[in-house]
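Student: Quick one: the structure is below, questions incoming.
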Amino acid sequence: MTTVQVRLQKDITLRKPYSYGPYNVVRGKEQRIRITEGCPNNCPQCYEPTELKIFGVPEIVRNKVSISDMNLLCKPQALQIIENLGKIRVNDRVVEYELICGIDHRFLTQELAGALYRNRFRKIRLAWDGPFKDQKQIKKAIDLLLKAGYKNKDIRVFMVTNYRISMVESLQKLDLLKVWRVQSVDCYFDGQVMPHVIPIFWSGSEIKEFRHKVRKHNIMVNFGIDAEVD
C-alpha cells in the first residue's frame, strides 16, 4: 500500500460530513436544494451524520430542482415531503425533481415508490453500495420502482468503486444490471470525482477499465447494441 493510500485511510474519521445544513442555490434554469440531513446507517464508506434533521423546503423558483439530500427516504416525514413538493407550481407549470444521491433500498416501499413517480422525480437512482449478495434486495427495490411506473431505462444504480468491494465483484453486479436492463453509475470512494481519482483499494487501471465497462453497459441498455462493434 502506498503512502498516499495509508494517509487517505487514516483520514477517513477526520473527514467533514457530506451534509452540513440546508442548501439552496439557483443557477440558470435549475435550482439545487438540501432539505434534510442525516442517515442512521453509519456505513463505513460514508461520512453522513447519523442525527436526522429536517430543514424544510425553501421557496421553489425553478421548474427543475435537484435535491442533494443523502438519504431522504430514511426520514419519517419523507412521504409528506415528496407529496408537498409535487404540489408546487412555478409560473403555472409543474416542477420536475431529481434525487442526486441514490435511494436506499432499505427504506423504499411501494407507497414511497409511487409517490416519487407521481410527483415527477426523474432520473431515479438506486444505491448498491453493498456486496453482490444483496442482489435480492436490490431486485426487489427495482421491482417496486417498475410497478410504480418507472421504465427500466429510467433507473440508474450507483456502485461505489475504488473501495473494499473488488472490481471482480462489481463486475458481477454489472452483469445482473444487464439482465435487469437498468443503467449503472460508477462513483468513487472518499468523495473523489473523475478525472482526479487517487487509487485506494483498486488500481488505477481497474478504475479506468470499470469506468469504460459502465459506459459501454449504459449504451447497450439505452440502444440495444454494442457501439464498439461495427
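The values are calculated or read from the model by the stated rules, or taken from the named source; none is laboratory data. Treat the numbers as computed from the prediction; the structure is a model and nothing was measured. Note that we place each Cβ from the backbone using ideal geometry, even for glycine, and neighbour counts take in every protein chain shown. Remember, those area values only see protein heavy atoms, side chains included, never the ligands or the DNA or RNA. Shrake-Rupley method; radii C 1.70, N 1.55, O 1.52, S 1.80 Å.
Student: Using the crude model of +1 on Lys and Arg Cβ and -1 on Asp and Glu Cβ, and no other charge, please compute the dipole size for the chain relative to its Cα centre, in debye to 20.
Tutor: Numbers: 38 positive and 26 negative charges, 85 e Å.
About 400 debye.
Student: If the cut-off is a Cα-Cα distance under 14 Å, which aspartates and glutamates reach residue 123, setting aside same-chain residues fewer than 8 apart in sequence?
Tutor: Result set, ordered by chain and number: 96, 98, 154.
Student: Arrange the peptides 224-230, 27-33 so that the one whose residues have, on average, the most other Cβ atoms within 10 Å appears first.
Tutor: Values: 224-230: 8.0, 27-33: 13.9.
Going by the mean number of other Cβ atoms within 10 Å, highest first, we get 27-33, 224-230.
Student: Continuing with this model, one more query. Here are some pairs, 64/139; 64/87; 147/216; 151/216; 178/213; which of them have Cα atoms lying more than 18 Å apart in this structure?
Tutor: The answer is 64/139; 147/216; 151/216.
Student: Where the centroid of each part is defined by its Cα atoms, how far is region 50-126 from region 146-217 in Å?
Tutor: After rounding, the separation between the Cα centres reads 24 Å.
Student: Which listed residue (167, 196, 149) has the Cα farthest towards the positive end of the charge dipole for region 89-201, taking +1 on Lys and Arg C-beta and -1 on Asp and Glu C-beta about the Cα centre?
Tutor: Value: 149.
Student: First measure r as the distance between the Cβ atoms of residue 91 and residue 211, then evaluate 1/(1 + (r/R0)^6) with R0 = 45 Å and state the FRET efficiency to the nearest 0.05. Walk me through the intermediate numbers first.
Tutor: Details: r = 39 Å, r/R0 = 0.87.
Efficiency for this residue pair is about 0.70.
Student: For the chain, just give the cysteines left without a disulfide-compatible partner, judged by no other Cys Cβ under 4.7 Å.
Tutor: Among the cysteines of the chain, those whose Cβ sits 4.7 Å or more from every other are 39, 74, 101, 187.
Student: In deg cm²/dmol and to the nearest 500, what is the mean residue ellipticity at 222 nm of the chain if only DSSP H runs of at least 4 residues count, each as -39500 (n - 2.57), divided by the residue total?
Tutor: -10000 deg cm²/dmol
Student: Could you give the length gained by full extension between residue 77 and residue 220, i.e. 0.36 nm per residue of separation minus their alpha carbon distance, to one decimal place?
Tutor: On the way: separation 143, 0.36 × 143 = 51.48 nm, distance 3.78 nm.
Extra length from residue 77 to residue 220 when fully extended: 47.7 nm.
Student: When the accessible area of region 64-138 is split by element with a 1.4 Å probe, what percent falls to carbon and sulfur?
Tutor: About 48 percent, which is the carbon plus sulfur part of the accessible surface.
Student: Next up: For region 75-195, what class follows from the C-alpha gyration tensor (a ≥ b ≥ c being the square roots of its eigenvalues): rounded when a/c is under 1.5, otherwise prolate if a/b is larger than b/c, else oblate?
Tutor: In terms of gyration-tensor shape, prolate.
Student: At residue 106 and residue 54, where each label point lies 7 Å from the Cα along Cα→Cβ, what is the point-to-point distance in nanometres?
Tutor: 2.1
Student: Send over a whole-number figure in Å² for the accessible area per residue of the chain, probe 1.4 Å.
Tutor: I get 54 Å² per residue for this part.
Student: For the chain, restrict the atom set to alpha-carbon positions and state the Rg and Dmax in Å.
Tutor: 18.2, 57
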